[in-house]
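Read-outs: derived from the displayed coordinates by stated rules, not from any lab. Fair warning: this is a prediction, and the values are worked out from it, not measured in the lab. Backbone-built Cβ (ideal geometry, glycine too); neighbour counts: all protein chains shown.
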Amino acid sequence: MAMNPAEAVTWGSFVQAAYDQYASDPGQPNPAAITNMPAGYTLVRTIQMTDFAGPVRSRVFYGFIAVGGDPRTAVIALRGTIGAAEWWDDLHWDLVPFTQVTDGGRVAQGFLDIYRTYGTMTPGQPQQAAPESAQQAAPASAQQAAPASATFAADVARAAADGLGAGLDPGLPAIVCGHSLGGALATLLVADLAANTALKPQAWTFASPRVGDAAFAGRYGGLSTVSWRVYNLADIVPYVPIDAAGSYQSVTAGYPINSLGKAKWSLRCAHALSTYLHVLAPATVPLNPACT
């Protein structure tokens, strides 16, 4: 399957909607609707996470599950890092076992700790206490913040199936997309879904850092069906984490783009999702004026 930049932009617009939603109402972990969600899709569930560092450990909006399109498809969209607490979470790079998947290798501790706090909610409903099993599964520092269900991948799969009005058919169309930290967490979710549910998810990530070691990358490659990792040659994030032993390895097929000469160079502009989408489709996606 050849990389289709127009399709990448389609899925990237869902990630942009997750960013826009958080920016419009950062204090709302469970909105009833998503700001700027692509037309023709219905919101099925919202996704929350808990920072495991910092003075306030509350649930925050991190993405959503929507269904729609032709053919009808489930889309799981995850935003990237916003705020100092999430950046601090990102910087925990010790390799730890990814036990959600048998023979899953090792992944960055910060990514896994955040992933273990993920949960979903029915849009617009009040937050409820997490089940005891979820509190046991989450990092100790996050246990007071209503952490995620212990079966996040199963919850996502069921929400996708319910939204499509279908059973858990192995051929069920499901897209998992994310940017930056959201790309790393999307990678973990795709491995979890493919190994532990009937779904065969597609991964479309933008500016994702490296997620784990060679064993994880190999296991992921054997599980994922369609998986595109879009990275900007001018962006430093896809090249980290780096450890002294050189253990980290990028997963699956990478699709390089280059924003040099197309956008102002800065760490922020090279990494921005808007820059990625503009380079992929310059005729249809305008560049952020701050990066011209």
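Here are some notes:
- Here residue 196 and residue 4 are evaluated by their C-beta separation; at R0 = 30 Å the FRET efficiency comes out at 0.60.
- Centroid-to-centroid separation of segment 153-182 and segment 234-276 [C-alpha atoms, Å]: 27
- Three-way shape label, segment 161-213, alpha-carbon gyration tensor, a/c 1.5: prolate
- Extended-chain gain in nm, criterion 0.36 nm per residue less alpha-carbon gap, residue 102 and residue 28: 23.1 nm
- Fewest-first sequence of 242, 65 by Cβ atoms within 10 Å of each Cβ: 242, 65
- Gained length - residue 292 relative to residue 39, 0.36 nm times residue gap less alpha-carbon distance: 88.3 nm
- Note on residue 268 and residue 94: the model spin-label points, each 7 Å out from Cα along the C-beta direction, lie 3.3 nm apart.
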